[in-house]
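Enquirer: Have a look at the structure that comes next, please.
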Amino acid sequence: MLIKNIDEVKELLPVSTGVEFTRLKPHLEVAEENFIRPLLGNALFRELEQFNGTSVPSALKDRSEALKELLRSVQRSEIHLAYWHGYEVLNAYISDGGFRRIETEKIKGLFKYQEENLKEYFKITGFNGLDSALEIIEANITALDKFKESDTWKQMQGSFIPDTGTFNSIYFIGGSRLVFLRLQPFFQVIEDLSIKLVLGAENYAFIKAEMVRAEPAPHVTRILPVVRKPIAFLSVAMLMEESGADLSDKGLYFEGRMPNMMSDTIKQPAEIERVNNLVRRARGLGESYLVLLKQFLQDNAADWGGYTAPPSGLHNRDNTGKKTWWA
């Protein structure tokens, strides 16, 4: 485990001296297995476990500092997610007679709104910690190279939109790496159903091969910003439509991946129509950027094999000099 005793808990969250680690431990394990390990990957997770409480040779100072910073961020996330996930159980007494609320004459429970606010605080702080952990990894990827063995890293490779910063410059997601990762599956859908069709299979394969090189061909460098915009807006529309939420909830990354874990975490917006409007707007902008991509390819046809735009509709045809009748 990444948190081994109650003293480590107290360094991260001001809990009472009477808190028993054995009571908290199952929820720490859930936080690790459902959120932290899937995100970091087994290799980096095990390295953090081994690093906790040990020393790294001075020759590996950069690695040691990176692991130390990452461990602190992940531990902070873990304890908050543990209290969020286990809130109801930790707030109840379980005996052979059933369940009851923990409350004494001197110590009263929180009001309902206070409980909701506290649980939301645990959740937000926990996911912010994971976002910070991904930022630390991104800044220290050479020292934390075991992250490259994770599914998270593999999912990001070869994408037209390679990182959070690039996406955030097109559509603002608060720089959230978790939201960026949640959008990744939709990138591939948009590529397969829209981008590949517009580019053509040959141009698509060429761009994919070139963009991962240290110095892509100049005309590939020029087209990438034009390709990224429709992917960004159309993927945003798909995620909001699927989740029924806007992109402010970092827990969206885990929604749909872990059934029954996140069912109560995505708050439905007070005004569904607002989200519907955001979906329509994002989809409309995405479609408009697809048109601009076609125009870019036509204007630079010499670079793209004498590009000819594919048909884009059932009735898209040249009717010059002809009469068309619709029954």
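Enquirer: Would you call residue 208 over 26 Å from residue 36 (Cα atoms) and either touching a residue at least 12 places away in the same chain (Cβ under 8 Å) or touching a Cys at 6+ places or on another chain (Cβ under 9 Å) (or both)?
Expert: yes
Enquirer: Being of a type in the set (Val, Ile, Thr) and closer than 12 Å to residue 39 by Cα is the filter here; which residues of segment 127-142 pass it?
Expert: 137
Enquirer: How many residues does segment 169-183 contain that are part of a helix (DSSP H, G or I), open to solvent by 10 Å² or more (accessible area, probe 1.4 Å) and in contact (Cβ under 8 Å) with a residue 12 or more places away in the chain?
Expert: Count: 3.
Enquirer: Output the number of residues of segment 33-63 satisfying the condition of being at pLDDT 90 or above, of a type outside the set (D, E, K, R) and in a helix (DSSP H, G or I).
Expert: Result for segment 33-63: 13.
Enquirer: Take residue 228 and decide whether it is surrounded by 17 or more Cβ atoms within 10 Å (Cβ to Cβ) and closer than 29 Å to residue 308 by Cβ.
Expert: Considered against the rule, which asks whether it is surrounded by 17 or more Cβ atoms within 10 Å (Cβ to Cβ) and closer than 29 Å to residue 308 by Cβ, residue 228 comes out as yes.
Enquirer: Another one. So which residues in segment 152-192 are within 16 Å of residue 246 (Cα to Cα) and of a type in the set (Ser, Thr, Tyr), if there are any at all?
Expert: Within segment 152-192, 171, 176 meet the criteria.
Enquirer: Please give the number of the condition residue 241 fails out of (1) open to solvent by 10 Å² or more (accessible area, probe 1.4 Å); (2) over 21 Å from the mean Cα position of the chain (by Cα); (3) under 21 Å from residue 287 (Cβ atoms).
Expert: Here residue 241 meets the rest and fails (2).
Enquirer: How many residues does segment 1-44 hold that are over 16 Å from residue 76 (Cβ atoms) and in contact (Cβ under 8 Å) with a residue 40 or more places away in the chain?
Expert: 9
Enquirer: Okay, moving on. Can you name the residue in segment 71-100 that is at pLDDT below 85 and of a type in the set (Asp, Glu) and, of all such residues, is surrounded by the fewest Cβ atoms within 10 Å (Cβ to Cβ)?
Expert: Within segment 71-100, the match that is surrounded by the fewest Cβ atoms within 10 Å (Cβ to Cβ) is 96.
The values are calculated or read from the model by the stated rules, or taken from the named source; none is laboratory data. On a predicted model such as this, the values are computed, not experimentally measured, just so you know. For neighbour counting, all protein chains shown are included, and Cβ atoms are generated from backbone atoms with ideal geometry for every residue, glycine included. These area figures cover heavy atoms from the full protein model, side chains too; ligands, DNA and RNA do not enter into them. Shrake-Rupley method; radii C 1.70, N 1.55, O 1.52, S 1.80 Å.
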